[in-house]
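As structure tokens, the structure follows; a few thoughts come after it.
A short reminder: the numbers here are calculations on the coordinates, not readings from a lab. Every value quoted in this text rests on a predicted model; they were computed, and no experiment measured them. Cβ coordinates were reconstructed from backbone atoms using ideal geometry, including for glycine residues, and neighbour counts include every protein chain displayed.
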Amino acid sequence: MDPTTISDLPTSVQFNFENGEFLPFVKLEQRFVSNLAPMFFDQQAVREIIDQTDRLVYDIRYYPFITSNSDMALGVTRIYPGKVGDEYHMTKGHFHEREDQPEIYFCVQGNGFLLMETMEGDFQAVLWTPGTITHIPPQYAHRVVNTGDHPLIFVASFHLSAGHVYEPIIERGFSQVIVQQNGGPIFQSNPRRN
Ligand code: M6P
Ligand code: ZN
């Protein structure tokens, strides 16, 4: 990220609880269905969306609070409501490259689940409502799923040096997926693992 943000002085940004934006921010990333293509299990639904009009699934605003000897970062993610096939919109999900790096996620707005899973297969799902704050221990992959009708907004705090590892998620995904059935979310074992 932008090295010009290095500062050894206290730094604040102003967060807007209504829309999840904050100012100033250093980087905005947008992730469309095409960027997440391997993450969804219904590949035909993915292709249909990409062939028609690719759709924004979530965006992330970042601020790296880099000092001369620390690398704390802030990320605010907004997952827009929607589904790919029957599977709800979600983040890619990732492991941290460093095995000693946890993260804190704070659900500000919206409804859904935080999925966490270790390489050994310990799977945990936490129901998320506004105000839920979860500590994600090191070595748990983490993904947020928006099962509501409104944007799900969450604040993340992590070290930049933690790193992101996406390969295991691309290859196998989480052990459970969340799909809509009879108008509400249900968990199913991931068809990609069968
Ligand atoms: C949070 C943080 C970021 C992450 C983002 C989106 O803001 O955990 O590090 O990049 O969510 O998650 P993902 O990279 O899994 O799509
Ligand atoms: Zn993380």
In the chain, taking the dipole from +1 charges on Lys and Arg beta carbons and -1 charges on Asp and Glu beta carbons about the Cα centre, the listed residue (Asn182, Ile133, Asn69) farthest towards the positive end is Asn182
Quick one: compute the contact order of the chain, relative version, from alpha carbon pairs under 8 angstrom and 6+ residues apart, as a percent.
-> 21 percent
Calc'd 3J(HN,Hα), the stretch 56-71, phi into Karplus 6.51 cos²θ - 1.76 cosθ + 1.60 (θ = phi - 60°), Hz, glycine/Pro = x, comes to 6, 9, 7, 10, 9, 9, 10, 9, x, 8, 8, 10, 5, 9, 8, 9
For the stretch 1-68, which chymotrypsin sites (Phe, Trp or Tyr not before Pro) are both in a DSSP coil and crowded by at most 13 other Cβ atoms within 10 Å?
-> Phe17
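For the stretch 1-57, what is the relative contact order in percent, using Cα pairs closer than 8 Å and at least 6 residues apart in sequence? Don't skip to the answer; put the middle values down first.
Details: 37 pairs, mean separation 16.2, N = 57.
Once divided by the residue count of the stretch 1-57, the mean separation gives 28 percent.
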Which residues' amide hydrogens lie under 5 Å from the amide hydrogen of Asn111, considering only partners 5 or more residues apart or on another chain, with H built in the peptide plane?
-> Thr147, Gly148, His150
Using θ = phi - 60° and Karplus 6.51 cos²θ - 1.76 cosθ + 1.60, couplings along the stretch 138-152 (whole Hz; Gly, Pro as x) = x, 6, 9, 5, 9, 9, 10, 10, 8, 9, x, 9, 10, x, 9
Counting only the backbone N, which residues of the stretch 49-83 are under 12 Å from the spot 7 Å out from the Cα of Leu9 toward its beta-carbon?
-> none
Under the Karplus relation 6.51 cos²θ - 1.76 cosθ + 1.60, θ = phi - 60°, what is the ordered set of whole-Hz ³J(HN,Hα) values for the stretch 184-194, x standing for Gly and Pro?
-> x, x, 9, 8, 9, 5, 5, x, 5, 9, 7
Debye log10 I(q)/I(0) for the stretch 136-194, one point scatterer per Cα, at q = 0.14, 0.17, 0.21, 0.25 Å⁻¹ = -0.55, -0.79, -1.06, -1.19
